[in-house]
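> Take this structure, written in structure tokens, and hold onto it; I'll ask about it next.
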Amino acid sequence: MTNNNQMTFNLSVNDVYSVDWVHSAKYTKDWVSSTKRILPPPSFVREIMSYDSKSGFLYWKHRKDMPKRWNSRYANKKIKTNNANSFGITYNGQRFYSVYHRVIWCHYYGKWPESNKVIDHINGNHYDNTIENLRLVTHTENNKNRSTPKDNTSGNLGLYWAKSKKKWLVQIGSNGKTIHIGTFNNKEDAIKARKEAEKKYGYHENHGRS
């Protein structure tokens, strides 16, 4: 007998694994096996689960190949995830894990996300997996839509208080380089300069949100 985390996949050896940065920090693979690193065909993903694009949730479908007890317990129920917002299945005795939002992308668009790109949660909520909140971007683009960390002393990304000058220092990153924008006597002018720089260098409008 299997549970909702133990499924049988008809996998193709031509499918390849891809990578993702979870919360821009943790490195993980879509489906991980100690022996093979392959992905299930999107058609099979759609066959065993459904996706509600408005709520952003995945649900297990009724399975003819599963025992009645499994269907009574899991069919039409939300797929649960772990603390990393991923879930697992078992195939041929090997455990596979997938990041929730990458499965959603595969289900909705009928193809797995490109291995050199990540899925950005536009509003910064990594548990809001409504389709309009997801976009496939490069790592560079993803870094241009960050929230302001709680330990940020200025309350704004790219703003620093220079004690020696008693002024606000403004910087921004672009193409792997740190660009000095200028120094300002008051914080309001510094924030304005930073926002103008973000527009110039293609940062997302949500970048720097609280």
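> So, of the residues in the stretch 135-158 that are at pLDDT 85 or above and among the aliphatic types (A, V, I, L, M), which turns out to be farthest from G56 (Cα to Cα)?
Here the answer is V137.
> Which of (1) modelled with pLDDT of 80 or more; (2) among the aromatic types (F, W, Y); (3) open to solvent by 30 Å² or more (accessible area, probe 1.4 Å) is the odd one out, the single condition Y27 does not satisfy?
Y27 satisfies every listed condition except (1).
> I want to confirm something. Restricting to the stretch 160-172 and keeping residues that are open to solvent by 50 Å² or more (accessible area, probe 1.4 Å) and not basic (K, R), which single residue is nearest to Y203 (Cα to Cα)?
Looking at residues that are open to solvent by 50 Å² or more (accessible area, probe 1.4 Å) and not basic (K, R), I get Q171.
> Would you check if there is a residue in the stretch 193-206 being within 25 Å of the chain's Cα centre (by Cα) and within 30 Å of K78 (Cβ to Cβ)?
Yes, that holds for at least one residue.
> Here are W105, W168: which of them is among the aromatic types (F, W, Y) and closer than 18 Å to Y51 by Cα? Walk me through how you get there before you give the answer.
Details: W168 fails: closer than 18 Å to Y51 by Cα.
The match here is W105.
> Pairs please, first residue from the stretch 135-147 and closer than 13 Å to N123 by Cα, second anywhere and of a type in the set (D, E), Cβ atoms under 6 Å, 6+ apart in sequence or on different chains.
R135/D120; N142/D120; N145/D120
> Anything in the stretch 125-159 that is open to solvent by less than 30 Å² (accessible area, probe 1.4 Å) and within 22 Å of S210 (Cβ to Cβ)? List them, or say none. Let's see the steps before the verdict.
If we filter the stretch 125-159 for residues that are open to solvent by less than 30 Å² (accessible area, probe 1.4 Å), which is where we start, we get 129-131, 133-134, 137, 142, 145, 148, 154, 157-159.
If the condition is that a residue be open to solvent by less than 30 Å² (accessible area, probe 1.4 Å) and within 22 Å of S210 (Cβ to Cβ), then N129, T130, N133, L134, V137, N142, N145, T148, S154, L157, G158, L159 are the ones that fit.
> Identify, by number, the condition in (1) open to solvent by less than 30 Å² (accessible area, probe 1.4 Å); (2) assigned to a loop (DSSP other than H, G, I, E, B); (3) of a type in the set (F, W, Y) that W105 doesn't meet.
For W105, the exception is condition (2).
> Considering only residues that are within 24 Å of the chain's Cα centre (by Cα) and not in a strand (DSSP E or B), look in the stretch 62-89 and name the one that is nearest to H126 (Cα to Cα).
N85
> Right, something else. Would you pick out the residues in the stretch 173-190 that are open to solvent by 90 Å² or more (accessible area, probe 1.4 Å) and on the phi < 0 side of the Ramachandran plot?
Those that are open to solvent by 90 Å² or more (accessible area, probe 1.4 Å) and on the phi < 0 side of the Ramachandran plot: K177, T178, H180, N185, E188.
> Could you tell me which of the residues N85, N71 is at pLDDT below 95 and touching a helix residue (DSSP H, G or I) at 6+ places or on another chain (Cβ under 9 Å)?
None of the others qualify; the one that does is N85.
The values are calculated or read from the model by the stated rules, or taken from the named source; none is laboratory data. This one's a predicted model, so the numbers in the text were calculated from it and none came from an experiment. Note: ideal-geometry Cβ built from the backbone for every residue, glycine included; neighbour counts use all protein chains shown. The protein model used for the area step is the full one, side chains on, heavy atoms only, and it has no ligands, DNA or RNA in it. Shrake-Rupley method; radii C 1.70, N 1.55, O 1.52, S 1.80 Å.
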